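Reading through the structure tokens given below for one structure.
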Amino acid sequence: MRQWIERSLWDVVPRDHRQSARDLRRRQVVTASFVVLGAVVLGILLRLEQGSTEFVVFSLVLAAVWTVGAFASGPLHLGRIARHDLHHRPVVQPLVLGAALAGIFVLGALVVREIPWLADQVRGVLGFATEGYLPVLVVVTAVNGIAEELFFRGAAYAAITRRPVLWTTVAYAIATLATGNVMLAFAAVLLGVLVGLQRRASGGILAPIITHCTWSLTMLFALPAIFGV
């Protein structure tokens, strides 16, 4: 188990993803520009009623901003992890880690629901999950999870030259904190650290995407049941 965790989160797989100074600078400029654009779209999104058609549309627009920004910044890599002395695309490991993180959040939710002001924070997040057509909510949740990882663990991570795990987690938490929801920002920190370590170890975005989507989709179904909304 220890070796499995180390290979998934800690052991850095050798790769050559070096960028020239010019390419790095271009990536940094593009990434910064799309951070500003994303902040504008997020500001509009937060003023809309959760579950409304406009809310869904702008959620997808925000996902499009992150996705376009990620690919416009420069090359992105899927990444690999070591297994049996060979390098493989990470699929099973991030699924397990995403499910494990979701399990931790479920246990935490059982405690949080007994604390009124924290429970209210979570119910504020769940407004989107309880107002709308379920298949649409699943698609929006998955699309946004993929887009966020493309940008934050793809473009932003590659644009930061020192302590990218830390700074991409901070950036992701700040973007989430803009919602004004403390519990959502706390979740962003824990998720950000986990997927940041996956990005550092594997050198790519595949593991973070799978973990993020596994976690977020599990939360979409589990939390409304726990909090009775």
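What is region 148-212 by shape, rounded, prolate or oblate, if you read a ≥ b ≥ c off the alpha carbon gyration tensor as root eigenvalues and call it rounded for a/c under 1.5, prolate for a/b larger than b/c, and oblate otherwise? Because a/c hits 1.5 or more and a/b exceeds b/c, region 148-212 counts as prolate.
Oblate is the label for the chain, because the ratio a/c of its alpha-carbon gyration tensor axes (a ≥ b ≥ c) is 1.5 or higher and a/b is not greater than b/c. Per-residue 3J(HN,Hα) values for region 184-201, derived from phi via the Karplus relation 6.51 cos²θ - 1.76 cosθ + 1.60 with θ = phi - 60°, read 5, 5, 4, 4, 5, 5, 5, 5, x, 5, 4, 6, x, 5, 4, 5, 5, 6 Hz in sequence order (x marks Gly and Pro).
For the chain, the longest piece that avoids every one of the chymotrypsin sites (Phe, Trp or Tyr not before Pro) found in DSSP loops with at most 13 other C-beta atoms within 10 Å covers 11-132.
Which longest uninterrupted range of the chain lacks any trypsin sites (Lys or Arg not before Pro) assigned by DSSP to a loop state (not H, G, I, E or B) and surrounded by at most 12 other Cβ atoms within 10 Å? Looking at the chain, 48-161 is the longest stretch - no exposed trypsin sites (Lys or Arg not before Pro) with at most 12 other Cβ atoms within 10 Å.
Note that region 34-43 has calculated 3J(HN,Hα) couplings of 6, 4, 5, 4, x, 5, 5, 5, 4, x Hz, one per residue in order, obtained from phi through the Karplus relation 6.51 cos²θ - 1.76 cosθ + 1.60 (θ = phi - 60°); glycine and proline are x. Treating the beta-carbon of each Lys and Arg as +1 and of each Asp and Glu as -1, no other charges, what is the dipole magnitude of region 1-70 about its Cα centre, to the nearest 20 debye? I would put it at about 400 debye. Compared with the dominant Cα axis of the chain, that is its longest principal axis, helix 134-149 is turned about 30°. Once the Cα atoms of helix 164-177 and of the chain are each reduced to a long axis, what angle between those two axes, in degrees from 0 to 90 to the nearest 10, is obtained? Compared with the principal axis, the helix lies near 20 degrees. If the segment from Trp117 to His17 were pulled out straight at 0.36 nm per residue, it would be longer than the present Cα-Cα gap by 31.4 nm. Return one number: the angle in degrees, 0 to 90 and rounded to the nearest 10, between the long axis of the Cα atoms of helix 53-73 and the longest principal axis of the Cα atoms of the chain. Compared with the principal axis, the helix lies near 10 degrees. For region 72-103 and region 167-229, what is the centre-to-centre distance using only Cα atoms, to the nearest Å? The distance from the Cα centre of region 72-103 to that of region 167-229 comes to 16 Å.
Any idea what the dipole of the chain comes to, in debye rounded to 20, about its Cα centre with Lys/Arg Cβ at +1 and Asp/Glu Cβ at -1?
940 debye
The stretch between Ala100 and His88 holds 2.2 nm of extra length on full extension. This uses 0.36 nm per residue minus the Cα-Cα distance. Of the GluC sites (Glu not before Pro) found in region 86-192, those in coil by DSSP whose Cβ has at most 14 other Cβ atoms within 10 Å are Glu114, Glu131.
For the pair Trp4 and Arg26, the difference between a 0.36 nm per residue extended length and the Cα-Cα distance amounts to 4.3 nm.
In sequence order, region 209-224 has phi-based couplings of 5, 5, 5, 4, 5, 4, 5, 5, 5, 5, 5, 4, 8, 7, 5, x Hz under the Karplus curve 6.51 cos²θ - 1.76 cosθ + 1.60, θ = phi - 60°, and Gly or Pro positions carry x. Excluding ligands, DNA and RNA, the accessible surface per residue across the chain is 52 Å² with a 1.4 Å probe.
The values are calculated or read from the model by the stated rules, or taken from the named source; none is laboratory data. Keep in mind that this is a model prediction, so the values were computed, not measured. Backbone-built Cβ (ideal geometry, glycine too); neighbour counts: all protein chains shown. Accessible surface is based on the protein model in full, side chains and every heavy atom, while ligands, DNA and RNA are left aside. Shrake-Rupley method; radii C 1.70, N 1.55, O 1.52, S 1.80 Å.
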